[in-house]
């Protein structure tokens with residue numbers, strides 16, 4: 001991965017230091033930008049994020065980054081990895097703070113964990129949990145079965161249309177979507193940059209896939 005250029009999308013709602021450090025550890029050259037032209041013309045994008053779905057989409061649209069992301073991913077075949085809130089933004093709609101439309105790259109709705117199904121578990125969901133993968137290929141290649149990843153979130157993708165998704169599922173009160181890949185569109189609800197060797201392996205897989213675009 002030495003010298004691979006990774007562009008991290010900056011819309012003002014992400015604690016990005018650990019993400020940048022993880023990609024630099026893997027030998028990548030990392031650029032942080034909110035320039036739509038740079039985003040559209042890049043081959044490898046990362047969309048991190050923490051906080052409110054609605055506020056995030058407001059900022060993304062204010063900076064015209066939604067159009068840049070959609071053009072890059074859908075028309076140019078750019079590889080995109082959404083992390084935590086960034087993964088949620090890939091879907092159709094988020095219900096937080098009255099609701100907002102997402103990027104619509106994947107079909108699904110983001111909702112808060114339902115208290116009635118938590119069985120005494122706390123919200124937010126914080127800590128390492130195991131995930132199970134539908135296919136150990138692509139984004140999940142060589143990742144051990146029931147690998148552990150680090151989560152921090154109160155919302156999850158609830159209603160979704162699977163299509164041809166390659167996905168990983170975690171159980172916290174109920175099963176939920178922990179990670180997903182459809183072609184060049186990838187997402188991780190957990191934080192791979194904080195998930196030790198399993199997280200680094202997932203990031204390496206993403207970088208390998210983007211080398212072929």
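The values are calculated or read from the model by the stated rules, or taken from the named source; none is laboratory data. Here the structure is a predicted model, which is why all the values come from computation and not from measurement. FYI the Cβ positions are ideal-geometry reconstructions off the backbone, even for glycines, and counts take in every protein chain you see.
Would you mind telling me which numbered condition in (1) closer than 22 Å to residue 165 by Cβ; (2) in contact with a strand residue (DSSP E or B) (Cβ under 6 Å, 6 or more places away or on another chain); (3) not in a strand (DSSP E or B) residue 80 fails?
Just one mismatch for residue 80, condition (3).
Kindly list the number of the only condition in (1) within 14 Å of the chain's Cα centre (by Cα); (2) surrounded by 22 or more Cβ atoms within 10 Å (Cβ to Cβ); (3) assigned to a loop (DSSP other than H, G, I, E, B) that fails for residue 87.
Only one criterion in (1) within 14 Å of the chain's Cα centre (by Cα); (2) surrounded by 22 or more Cβ atoms within 10 Å (Cβ to Cβ); (3) assigned to a loop (DSSP other than H, G, I, E, B) is unmet by residue 87, namely (3).
If you take the residues in the stretch 146-164 that are assigned to a loop (DSSP other than H, G, I, E, B) and at pLDDT below 90, which one is surrounded by the most Cβ atoms within 10 Å (Cβ to Cβ)?
The selected residue is 162.
Considering the stretch 165-213 alone, what residues qualify as being assigned to a helix (DSSP H, G or I) and at positive phi?
Going through the stretch 165-213, the residues assigned to a helix (DSSP H, G or I) turn out to be 192-194, 196-210.
The answer is 196, and nothing else.
Within the stretch 103-119, does at least one residue satisfy the condition of being in a loop (DSSP other than H, G, I, E, B), surrounded by fewer than 19 Cβ atoms within 10 Å (Cβ to Cβ), in contact with a strand residue (DSSP E or B) (Cβ under 6 Å, 6 or more places away or on another chain) and at pLDDT 95 or above?
no
For residue 23, are the conditions met, namely being closer than 20 Å to residue 209 by Cβ and under 18 Å from the mean Cα position of the chain (by Cα)? Please lay out each step first, then the result.
Numbers: closer than 20 Å to residue 209 by Cβ: yes; under 18 Å from the mean Cα position of the chain (by Cα): yes.
Here the answer is yes, as residue 23 does meet what is asked.
Which residue pairs have Cβ atoms closer than 9 Å, lie 6 or more positions apart in sequence or on different chains, and pair a first residue in the stretch 69-95 that is on the phi > 0 side of the Ramachandran plot and touching a residue at least 24 places away in the same chain (Cβ under 8 Å) with a second residue that is part of a loop (DSSP other than H, G, I, E, B) and surrounded by 21 or more Cβ atoms within 10 Å (Cβ to Cβ)?
What qualifies is 77/184; 84/14; 84/48; 84/49; 84/189; 84/190; 84/191.
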